[in-house]
Amino acid sequence: MLKAYKFRLYPNVEQRIYLAKTFGCTRFVYNRMLAERIKSYEENKALDIKAIKYPSPAQYKTEFEWLKEVDSLALANAQMNLGKAYKNFFRDKSIGFPRFKKKTNTNSYTTNNQNGTVYIENKHIKVPKLKSMIKIKQHREFNGLIKSCTISQVPSGKYYISILVDAENIQLPKTGSKIGVDLGIKEFAITSNGEFFHNPKYLKKSAKRLAKLQKDLSRKQKGSNNRKKAKIKVAKLHEKISNQRKDMLHKVSTQLINENQVIVIEDLKVSNMLKNHKLAKSIADVSWSEFRRILEYKAKWYSREIIVAPSNYASSQLCSDCGNQSSQTKNLSCRTYICSVCGMIMDRDINASKNLLKLAI
Ligand SMILES: [Zn+2]
């Protein structure tokens, strides 16, 4: 199974020059090949276009020596991409003829890992042709063989690398552990083992700052330069919050998947709860639905089981000890479940997660 991981890159000045060169060369090769194909298409409309032989990037190198300064796999991938676009066009003319790549929208190139030429070591990544290693912020570990990677530069100037990993046959050892996970508002998740996963404080901080920046933006005159600047600030913070949130969701889901064979979660009707305005923001912040999606695909990767409780299962209203049902916890401010039948006293969320766990047994 192939998996893609995206990380931020921090190239130094020298490396940036090399990357800019490679972006340029791959774009050049792509556009030059496209120009040749367009010319030949105009001249040979009646011929079988697929039968015509075109020069390869290797042949270009004798004509344009500077192409030798960059990764030849990057050039080969540019050729392959054009080949695909071209084939698609002949298969379905409505797709349109491949277009020339402009400098503004295609600052990226793809290379392959041939015989271990791509690897990560000491927070740096080695890519073909470049002698020095580029600093990488690898916020997530992965197992498996690196197949290829695509380095890109986004309009804000940041660099990213998307790494395609072959994770076939990588399995976690089977475990007998089962767990119920209650998703909350105050805490992000509470498990039937009594473990709390807190909502990170920085998320709250960022959300506060976002509200302020959005207010600033609304005050700026339309069409003004200051408005543009404020807009970029808002966009950047949005990106940051989304990354912070994803980071948390991955950490929690990875731990749960690593440690448990079966995970039981609630079927949260998020859209229903969003109507309650007060809760809306915190729900958006913790993004339960995103969490469920991540849990489910990781479970598939590692042969774990996710059980989703039926939506009518009153996990927070049942006593996890004797099974008696009480409506005391319908009030969200009631933090402790006190059973009037058996006398059990327990944190409301831990009680709920213990009830979820029962669905796995
Ligand atoms: Zn009870």
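The values are calculated or read from the model by the stated rules, or taken from the named source; none is laboratory data. Quantities reported herein were computed from a predicted structural model and do not represent experimental measurements. Please note: Cβ atoms are built from the backbone with ideal geometry, for glycine as well, and neighbour counts cover all protein chains shown.
Things to note:
- Candidates Ile163, Ile134, filtered to the one that is under 24 Å from Asn258 (Cα atoms) and of a type in the set (Val, Ile, Thr): Ile163
The rows are residues; the columns are (1) at pLDDT below 85; (2) in the same structural domain as Arg140 (by TED's automatic domain parsing); (3) more than 20 Å from the chain's Cα centre (by Cα).
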{"residue": "Ala230", "(1), (2), (3)": "no, no, yes"}
{"residue": "His250", "(1), (2), (3)": "no, no, no"}
{"residue": "Val264", "(1), (2), (3)": "no, no, yes"}
{"residue": "Leu279", "(1), (2), (3)": "yes, no, yes"}
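- Some residue of the range 87-95 being surrounded by 17 or more Cβ atoms within 10 Å (Cβ to Cβ) and either at pLDDT 85 or above or among the aliphatic types (A, V, I, L, M) (or both): no
- Close pairs (6 angstrom Cβ cut-off, 6 or more residues apart or separate chains): closer than 30 Å to Met346 by Cα in the range 195-219, of a type in the set (Asp, Glu) anywhere: Phe196/Glu187; His198/Glu187; Leu203/Asp285
- Sub-8 Å Cβ pairs linking a first residue in the range 327-341 that is closer than 8 Å to Gln317 by Cα to a second residue that is part of a loop (DSSP other than H, G, I, E, B) and more than 13 Å from the ligand (Cβ to nearest atom), at least 6 apart or interchain, are Gln328/Cys334; Thr329/Ser316, ordered by first then second residue.
- One residue from Ser303, Ser316 being part of a loop (DSSP other than H, G, I, E, B), away from the ligand (no atom under 16 Å from the Cβ) and assigned by TED's automatic domain parsing to the domain that holds Asn258: Ser303
- Criterion: of a type in the set (S, T, N, Q) and under 27 Å from Lys3 (Cβ atoms) - qualifying residue of Ser94, Ser72: Ser72
- Close pairs from the range 285-305: first free of Cβ contacts under 8 Å to residues at least 24 places away in the same chain, partner part of a loop (DSSP other than H, G, I, E, B), Cβ under 8 Å, at least 6 apart: Ser289/Leu268
- For the range 328-351, filtered to residues that are assigned to a loop (DSSP other than H, G, I, E, B) and away from the ligand (no atom under 13 Å from the Cβ), the residue that is modelled with the highest pLDDT is Arg335.
This table checks each residue for (1) hydrophobic (A, V, I, L, M, F, W, C); (2) farther than 22 Å from Gly24 by Cβ.
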| position | (1), (2) |
| --- | --- |
| Tyr119 | no, yes |
| Lys123 | no, yes |
| Ile136 | yes, yes |
| Thr150 | no, no |
| Tyr160 | no, no |
| Leu164 | yes, yes |
| Thr175 | no, yes |
| Leu183 | yes, yes |
